[in-house]
There are 4 protein chains.
Amino acid sequence: MADTIKVGMIGYKFMGKAHSNAYRQVAAFYDVPLRPEMTVICGRDKAGVSAAAEQMGWKEYSTDWKEVVGRPDIGLIDISTPGDTHYEIAMAAAQAGKNILCEKPLANTLDESRRMQEAVEQAGVVAMVNFNYRRVPAVQLAKQLIDAGRIGEIRHWRAVYLQDWIVDPEFPLVWRLQKDLAGSGALGDIGAHIADLARFLVGEIDEVCGLLKTFIKERPLPAATTGLSASASAERGQVTVDDAALFLARFASGAIGSFEATRFATGRRNRNSFEINGSRGSIVFDLERMNELQFYSADDPPEAQGFRTILVTEGVHTYMNAWWPPGHIIGWEHTFTHSVLDLLNGIVAKESPAPTFADGVHIQSILDAVERSAASGGWVRPE
Amino acid sequence: MADTIKVGMIGYKFMGKAHSNAYRQVAAFYDVPLRPEMTVICGRDKAGVSAAAEQMGWKEYSTDWKEVVGRPDIGLIDISTPGDTHYEIAMAAAQAGKNILCEKPLANTLDESRRMQEAVEQAGVVAMVNFNYRRVPAVQLAKQLIDAGRIGEIRHWRAVYLQDWIVDPEFPLVWRLQKDLAGSGALGDIGAHIADLARFLVGEIDEVCGLLKTFIKERPLPAATTGLSASASAERGQVTVDDAALFLARFASGAIGSFEATRFATGRRNRNSFEINGSRGSIVFDLERMNELQFYSADDPPEAQGFRTILVTEGVHTYMNAWWPPGHIIGWEHTFTHSVLDLLNGIVAKESPAPTFADGVHIQSILDAVERSAASGGWVRPE
Amino acid sequence: MADTIKVGMIGYKFMGKAHSNAYRQVAAFYDVPLRPEMTVICGRDKAGVSAAAEQMGWKEYSTDWKEVVGRPDIGLIDISTPGDTHYEIAMAAAQAGKNILCEKPLANTLDESRRMQEAVEQAGVVAMVNFNYRRVPAVQLAKQLIDAGRIGEIRHWRAVYLQDWIVDPEFPLVWRLQKDLAGSGALGDIGAHIADLARFLVGEIDEVCGLLKTFIKERPLPAATTGLSASASAERGQVTVDDAALFLARFASGAIGSFEATRFATGRRNRNSFEINGSRGSIVFDLERMNELQFYSADDPPEAQGFRTILVTEGVHTYMNAWWPPGHIIGWEHTFTHSVLDLLNGIVAKESPAPTFADGVHIQSILDAVERSAASGGWVRPE
Amino acid sequence: MADTIKVGMIGYKFMGKAHSNAYRQVAAFYDVPLRPEMTVICGRDKAGVSAAAEQMGWKEYSTDWKEVVGRPDIGLIDISTPGDTHYEIAMAAAQAGKNILCEKPLANTLDESRRMQEAVEQAGVVAMVNFNYRRVPAVQLAKQLIDAGRIGEIRHWRAVYLQDWIVDPEFPLVWRLQKDLAGSGALGDIGAHIADLARFLVGEIDEVCGLLKTFIKERPLPAATTGLSASASAERGQVTVDDAALFLARFASGAIGSFEATRFATGRRNRNSFEINGSRGSIVFDLERMNELQFYSADDPPEAQGFRTILVTEGVHTYMNAWWPPGHIIGWEHTFTHSVLDLLNGIVAKESPAPTFADGVHIQSILDAVERSAASGGWVRPE
């Protein structure tokens, strides 16, 4: 019977719900070396967090994150809060010697993220930033095909992350639309994901050149929020983040790429999609059909070449052996379960699984470079 | 805080895993009127069932189903075993006054299924047969569109359930290929699902005419099995069920339909797909893309008519409000969670949710009619 | 410079337009051994046929098909009229020693078609029945993949030909809805095409069992017709053909199949689609995307299996070298150009290209068997 | 009976073949106000051009374009040659008072294109530059939906033109890879098309910022060429054009856009695809499926929103009434037929149809701006 690790989770809304599910599910499907105990969940609103604890299966709740981080029985601190609080919580958790799972992006500024990286490295704790889309089985397959040389030398990366949840100008000014809380808009929220996928699959980025755009500059203040939903009040406030971010990139390898993140792609609910073209093949992925990967191989016979749609649900596919028979698809939330699985293995092995905080810093430096490029109107190297 | 109901589950393999997940998850996402307690799981193999209990979160295990059915604390008996045992367990559970969730098909023969229906009706227990695909949100949407008259009068039903897991002639003779255990082959295993969907969406079937086919008549006996996987031994045995079943149907409404269930559709892992054509519109569904529904409306303007792909992940879609934001897809296993949700509501309301055992009998009578038609070579009315 | 052959074409509407295009285009793209001269076009309505001659590029027109067939300079008679006239024209043309291209289906009855076959064989002329969908390059590729064993032993054939042009009950009673002119409805018009594709790709059919359905039994008489379009008059008449035809089949090879032809599939304009499952692979085609073929190969590595979408526009694909660069798709009418190309080669080689009149008879015998099965309610062997 | 206009066409290879087809076909399908006579075709290679004349149906051939332009009987000069010759031919044709159809891009430099515009305007001739993809019926439908406000205010333009015909480093250095003949590489060849579509559908571009990339810097010299195909010699030469061009853009309307043109997208034969997101809807097009348009409308009911795939083959769709019944798709070459149709109408009306030479200049200025941006590394306004 596996040892256990007690988890303290800060944050209980959208990400809190997804992380809770992962802790509840991981040992029911995988042979984990360490069973996570859902010990304490933490949030500022007592009524909200106590109800969340009850519904999602946490033993206790707290309204004081410092108390949670300070508890000697807790082995893992999970940071599922908005970006403006990541820094303070992570610094405290590292100092307290806790292992950490931190939602992305790592921090709201490049500088903060660097100090967080230093802190966890000095503390010697296992720490991971949760760019969960690396752990979609189809994305893992993409990585394997690339590493095995199946698409040859990569020439092109072409990624979009398209959403449409704020197309309505009356959609209220939730925290994700406020720079002081969210750091940035589409860029940091969803652009960060495709930047992480680009580094994971194609490699380091040398230079970027891009633009940021805010289509709707003023919105009603929110009256109340639940997850991504919110009702509007009569007062209005300034939108201080980007609605859309586009940038071009030159990779260290010689490949070139384009990135687009927007919340104004009407009809695209959650289209996180990339295409990679190599000298011998190509790969296409779309999160809305996350159980599929398209793969083109120039090694197929000339009369029978084409993009094949692989249903990534076989036992041979990473993470899939634990779930259901072939063709029985899995849902979005399992990307978190896979993250937790690898984190637990990392904790036992005393090695931070990728994406580490160092990876988180790299992403932050890319986002920062995009913002500087948007301001300067030219090409900028991530620092 | 909700009351609880103690569950005793018979069977712990493929279906047992899916049902366990539903009991573990339902209250974490839905406001249930009754919380299921995962009290006892039952199977013949002590090592197997005890490991399953441990991994899947059951408090106790048992190797004696009669003992489980006899326990006074148990309020719900879940039958997740192969079809040959459904009858005996369900009869005992009904006599013991237990509510029942029974995997499909209800029984291996029409006669057994009828007696099961009588038993639960006499006992006054809540009983449901788990044709889980009714509870895919996209299928629920199909039903709503039809009921709202959005596709008009239905003319055509066209359904296939295509799998390919026994294409290899050396795939061993697992229980699903043995008539005494499974009742029938593709017909009862997957054909039953599309028959249930046809009744749910189009209505009663008056007549069928079909064929059954066994492509591979002899297979190696299994050495050991795990879920759908199995290794082969040197000995061989007769395949006693159909590999494929095709039939045409006339519905009571005047619509006509075709059905095909096969385990020999190379490349189709789990394609449970239907198309419905009505006088004003059409609907298409495919389980491999179960978060999508295609809908064509003749009411669209002439220049802009076409099949639209609806991503059935909105809050307005049945069952979806509890899960994730729009565009964040759910997996196959949640069909079971939805079944359990509705069953729990049914238990509180003391009303068996559809598909009831009476529905199960109807399906059994259709399968029986197909078998008789295949034998006689003509049209047969379900009894 | 190639020799020429003078063509006399009977019929000038939908099929006449498609055939005219083929004669006008074939030598501009292919190196033909014989250049077709568009000598005379024939129809009953003088105004109509003279305008058609002018627009479509025929040198002369005639209103008397017997005169055309009797002209000594004409080397090829093209029969593009409704089915009730095929017999008389083809018999006369064969007697006059003319080569023949006859639209499908060959005749309105099995008996007529047999006499037509005998006549052309006795006359020693080259004769072809124009099941044009054999000559879609993607269908040719399907044939090549099958012949090369790429999908192994065929188990399943699954074909639909879905249209929706008479869903409106007020669509008038055009000739295609009258048994004395059209022979049958969806069965002979579009079901004949998928029957021909089944024979071409899978082989001979041993037995069929099916149903015919007429949803709308009475319609307004047409006031005037243009191609498939027509306006309605106030009077009404009986629909004497099937709106839909469904049948199951057993192939001589042991494969089993399903066929559906309907004019009531709302939203499906011209979906002539088939799927073939073999022991090692599968193939899918859809005429609405006729430049594509889907192909699944079980020989692909286990982690990278999937249906690939082949864009059948390469120089290596049959017929495609003459058209445009890869990825530049061709249209529906080129199936006719390909038929004429092969016919011209056949005339020079003095060998009737498939589908020959013998093939046409086979299809007629299948249609006849389906009609008998629909009447008797059981399995019927094509005679 | 329509009047006629005598055409002299310069160039006889890929574009010459496509244009010839358009002249041969247009009057057979459309009621033209002026019938084009295929009078003379011109090329430098006597054997090549005489064979082309013979095969494609031109009455005469010439090896001297000046002689053709100087013929008094010729009313329309068609320029289907590589870009480096457009200027000289067009200037002479304008001076000679001929109407002109010029292949895109208009010229190899912005300056040349401006002088061509002036020349045709001064001469008062009808002149058109053939950005043929405006005349895909699905693109016309996109335009109509936009103009009717069906997608609201446009926010995003996202276009790629992906090809893969020079992925192989041994593919020879054909004229399209030489700057002095082709002007630029992917940018001018295919990037020009998506720039034209952007202007047509979204409007004027204020600023661009982009990059050009040449992946393979040296290639074998061609031994012989046929259309896009060529064999390689042992000698090698420098590739002097871009293999790929990417740029971002700000539209005058406030919309933002991304553009990518590449010949290195392995597996993408001819994927000219765009997506437009507006405040109320979205549109998607892909040339490889050119008979389809995807359309999303936020005006659909909340539970039934999705991208619908419109098969743009109805009589109500622009240009389609002349072709085949619904669902019978047309091929790539008909975009040229539609261009010629509109040009003939323009000649009769004495009005140059769009895209005019002024439009050609606009595109040239955008290409020029992209090249300057790629050199300077910043945002550049088209002049």
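The values are calculated or read from the model by the stated rules, or taken from the named source; none is laboratory data. It should be emphasised that the depicted structure is a prediction, and the values quoted were computed from it without experimental measurement. Reconstructed Cβ throughout: ideal geometry from the backbone, glycine too, with neighbour counts over all protein chains shown. To get the accessible areas, we keep the full protein, side chains included, count just its heavy atoms, and leave off ligands, DNA and RNA. Shrake-Rupley method; radii C 1.70, N 1.55, O 1.52, S 1.80 Å.
What is the mean number of Cβ atoms from other protein chains located within 10 Å of the Cβ atom of each residue in peptide D:44-55, rounded to a whole number?
Values: counts 0, 0, 0, 0, 0, 0, 0, 0, 0, 0, 3, 5.
If you average over the peptide's residues, the count of other-chain Cβ atoms is 1.
Per-residue packing, averaged as other Cβ atoms within 10 Å, sorts the ranges D:201-207, A:135-141 into the order A:135-141, D:201-207, beginning with the highest.
Annotation for A:Val348, label-to-label distances across the other copies: 4.0, 7.4, 8.1 nm (shortest first, one decimal, point 7 Å from Cα along Cα→Cβ).
Here A:Glu170 yields copy-to-copy label distances, from shortest upward, of 3.8, 6.5, 6.6 nm, the label point defined as 7 Å from Cα along Cα to C-beta.
Residue and whole-Å distance for the chain D Cβ lying nearest the axis of the D-onto-A rotation are D:Gly378, 2. Model label sites at B:Ala51 and D:Gln122, defined 7 Å from Cα along the beta-carbon direction, differ in position by 9.0 nm. Note on the protein assembly as shown: with charges restricted to the Cβ of Lys and Arg (+1) and Asp and Glu (-1), its dipole about the Cα centre is near 0 debye. Once you order the gyration tensor axes a ≥ b ≥ c over the Cα atoms, which shape class does the protein assembly as shown get: rounded for a/c under 1.5, otherwise prolate or oblate by comparing a/b with b/c? Oblate shape, in that a/c is at least 1.5 and b/c is the bigger or equal ratio.
Accessible area ranking (1.4 Å probe, heavy atoms, ligands and nucleic acids excluded), largest first, for B:Ser279, D:Ser20: B:Ser279, D:Ser20. Per-residue shielding of B:293-300, expressed as the average number of other chain Cβ atoms within 10 Å of the residue Cβ, stands at 5. Remark on D:Ala232: its backbone amide H falls under 5 Å from those of D:Ala223, a criterion applied only to residues 5 or more positions apart or on other chains, H modelled at 1.01 Å from N.
Please label the shape of region A:198-344 as rounded, prolate or oblate, based on the square roots a ≥ b ≥ c of the eigenvalues of the alpha-carbon gyration tensor (a/c under 1.5 means rounded; beyond that, a/b larger than b/c means prolate, else oblate).
oblate
Overall, the anisotropy analysis places region B:54-108 in the oblate class: the square-rooted eigenvalues a ≥ b ≥ c of its C-alpha gyration tensor yield a/c not less than 1.5, with a/b not exceeding b/c.
Let me spell out the model: positive unit charges on the Cβ of Lys and Arg, negative unit charges on the Cβ of Asp and Glu, origin at the Cα centre of chain D. What dipole size does that give, in debye rounded to 20?
Numbers: 38 positive and 48 negative charges, 59 e Å.
With only Lys, Arg, Asp and Glu charged at Cβ, the dipole is about 280 debye.
Summarising the amide proton neighbourhood of D:Gly237: residues at separation of 5 or more, or on other chains, whose placed amide H is nearer than 5 Å comprise D:Arg219, D:Leu221.
Using Cα pairs under 8 angstrom and six or more residues apart, how large is the relative contact order of chain C, in percent? Rounded, it is 20 percent for chain C. Peptide A:274-281 has a mean of 4 when you count, residue by residue, the C-beta atoms of other protein chains within 10 Å of its C-beta. D:Glu118 label point (Cα plus 7 Å toward Cβ) to equivalent points in the other copies: 6.4, 8.2, 10.1 nm, shortest first.
Summarising the amide proton neighbourhood of B:Val312: residues at separation of 5 or more, or on other chains, whose placed amide H is nearer than 5 Å comprise B:Glu292, B:Leu293.
What 222 nm value per residue comes from the helices of chain A, counting each DSSP H run with n ≥ 4 as -39,500 (n - 2.57) and dividing by all residues, nearest 500 deg cm²/dmol?
Values: 10 runs with 118 residues, N = 383.
That comes out to -9500 deg cm²/dmol.
A simple spin-label model places pseudo-atoms 7 Å from Cα toward Cβ; at A:Asn321 and C:Glu351 they are separated by 5.6 nm. Number of Lys-Lys pairs in chain B with C-alpha atoms under 18 Å apart and a separation of 8 or more places or on different chains: 18.
Over the protein assembly as shown, average the accessible area per residue using a 1.4 Å probe and give it in Å², no decimals. Can you show the working numbers first?
On the way: 48580 Å² over 1532 residues.
Result: 32 Å² per residue.
Within region D:1-83, which trypsin sites (Lys or Arg not before Pro) sit in a loop by DSSP and count at most 14 neighbouring Cβ atoms inside 10 Å?
On the way: sites: D:Lys6, D:Lys13, D:Lys17, D:Arg24, D:Arg44, D:Lys46, D:Lys59, D:Lys66; in loops: D:Lys13, D:Arg44, D:Lys59.
Loop-located and lightly packed - D:Arg44, D:Lys59.
When the convex hull of its Cα atoms is viewed from all sides, region A:1-114 shows a mean projected area of 7.0 nm².
Quote the total accessible area buried by chains C and A together, excluding ligands, DNA and RNA, probe 1.4 Å, nearest 100 Å². Present the calculation step by step, with values, prior to reporting the outcome.
On the way: alone 16200 and 16190 Å², together 31120 Å².
The buried area between C and A, both sides summed, comes to about 1300 Å².
Protection proxy ranking of B:266-277, C:26-37, by the mean of other Cβ atoms within 10 Å over each peptide's residues and highest first, is B:266-277, C:26-37. Using the Cβ-Cβ distance between B:Arg381 and B:Lys143 with R0 = 22 Å, the FRET efficiency computed as 1/(1 + (r/R0)^6) comes to roughly 0.30. Annotation for D:Asp64 and B:Gln238: the two label points, set 7 Å from Cα along the Cα-Cβ direction, are 9.1 nm apart.
Note on chain C: with neighbouring protein chains present and a 1.4 Å probe, carbon and sulfur make up 48 percent of its accessible heavy-atom surface.
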